[in-house]
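We did not get these values from a lab; they are worked out from the coordinates using the rules stated. Keep in mind the model is a prediction, meaning the values are calculated, not measured. Neighbour counts run over all protein chains shown; Cβ positions are idealised from the backbone, glycine included.
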Amino acid sequence: MADVNDAGGLEQKHVRQLELLEGSNLDERDREAIHAFHDHREAQGWAPTTLTTDLSTLRNAGERAATPLIDMGKSDLDDFLVLLTRPADEGGYELDPTGGGMYNYCRVLRLFFEWLNDRDEYGAYLFWEDIEIPSQEVRAKDPDMLLTPGDVEDLKQAAGRGRNTQRDRALITFLADGPRVTLTSQLRVGDVQVEGPDAHWKPNSEAVGGHKGLDDRKRPLLWSMGELKTWINFGHPDPENPRAPLWTTQGYDPERPQEGALSPDGIRSVLERTAERADIDKPVNPHAFRHAAMTRLSNEGGLNPQQIQHVAGWSDDRMLAIYDQTTDDQRNDGIRTQLGIPTAGEDDGPDMEPVPCSNCRELLQPSERFCPKCGEPKDPGVRLAKSRMTEDVSAGLINEADDPERTQLRARLQQELGKDEVVNLLMDRLLDE
């Protein structure tokens, strides 16, 4: 279980990095300068995620460099950056020159030396302006390894048995909308609106450290709306409590709702188990879902960069080049479709179009067997079986010839059996056997 307002344990990680700084073998002047730099930025309101990461990076830099940070000149820094990329058998750390590790070192060292340069007590560090932050190389991913809508449907069908089945189905489809995993784990029931035309979600406003600069604006629910409705309306153990975690763990205690959230690691474990049952030989992790979602929005959805930026929660659209894995052929087909020109190929896969509920006209996804809004079975045969089951169960339990009190009890039983969540739960179990 995790705290819904700090599902990733950020406060604990922050404290741990401060403890590691105090217990390190750094030059005492480096330790004091790093601590002062951290305190200055904390007072400015920098996000705890950034503060924690940068504490770790600066401590590692001080421990790995041959020269104390406080004594460095331009040549000392250059030697250290070369050391970071040198092979391990040559005493280096084998960091990719265009990878995230080097990007992070250069970014935080530039900020650190700029801050030192502005303080009279530390002297001049004019070389801070010469520290170049490498552009992170965008590596093309194998399109065949990208999760498809069909893969998502397979994962939903393979979702765990028992009380967590509907939770896992809803979780899988929500991740397919593209949110970050920590943000997902910290959502509460009150952060999600599944009814009406304005179905949306908002970040947990009480979450520790925010969400990488993501604002509190509403984001639309996309492919996940139906499964989320079913989970909240029929499966969630505490749906009337807006402060309850959206993704509860087994053993959830309504008396202590804040402590019952599924952690980011818990979400990863759910995905690993489900992928194994579904026999999907692709990366199935939260990051893979985010890549697939951004590609799908750009390719199938035809959204412009500003719209994708809003859904993804990016401050600008530069990240789109990293996450969007749309191929040239897919872009060309999309252009042809927009212009009404026949595309080069047709999709021979299963029909992925939603169909309306026969009772309330709610749109149902292909894998949904029951309407998340009214509970009506999608399949006509299942609707008939539901009706017969209701009649047979009530008739078998109470005979019509019984006294008036028992007849009245029978009517109440039929009324209870008519509640869709009861019947649908029974039907789900029967269909899965």
Q: Using only Cα atoms, locate the centre of region 155-189 and the centre of region 95-133, then give the distance between them in Å, rounded to an integer.
A: 40
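Find out how many positive minus negative residues lie around Gly178, taking Lys and Arg as positive, Asp and Glu as negative, among other residues whose Cβ is under 10 Å from that of Gly178.
Numbers: positive: Arg180, Arg219, Arg290, Arg296; negative: Asp177.
Charge balance near Gly178 sits at +3.
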Q. Which pairs, out of Lys156/Lys373; Lys13/Lys74; Lys156/Lys282, put more than 22 Å between their alpha-carbon atoms?
A. Lys13/Lys74
Q: Provide the net charge surrounding Asp191, with neighbours chosen by a C-beta distance below 12 Å and charges set as Lys +1, Arg +1, Asp -1, Glu -1.
A: +3
Q | Principal axis dimensions, largest first and in whole angstrom, of region 3-47 by Cα | A | 39, 24, 8
(Q) Checking the a/c ratio against 1.5 first, then a/b against b/c, what shape does the Cα gyration tensor give for region 170-313? (A) oblate
Q. Where a ≥ b ≥ c are the square roots of the eigenvalues of the C-alpha gyration tensor, would you call region 168-212 rounded, which needs a/c under 1.5, or, failing that, prolate if a/b is larger than b/c, or oblate?
A. oblate
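Can you compute the charge dipole magnitude of region 213-290 about its Cα centre, using +1 on each Lys and Arg Cβ and -1 on each Asp and Glu Cβ, nothing else charged? Give it in debye, rounded to the nearest 20.
340
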Q. Over the alpha carbons of region 1-104, what is the largest minus smallest coordinate on each principal axis, giving the biggest first in Å?
A. 45, 28, 24
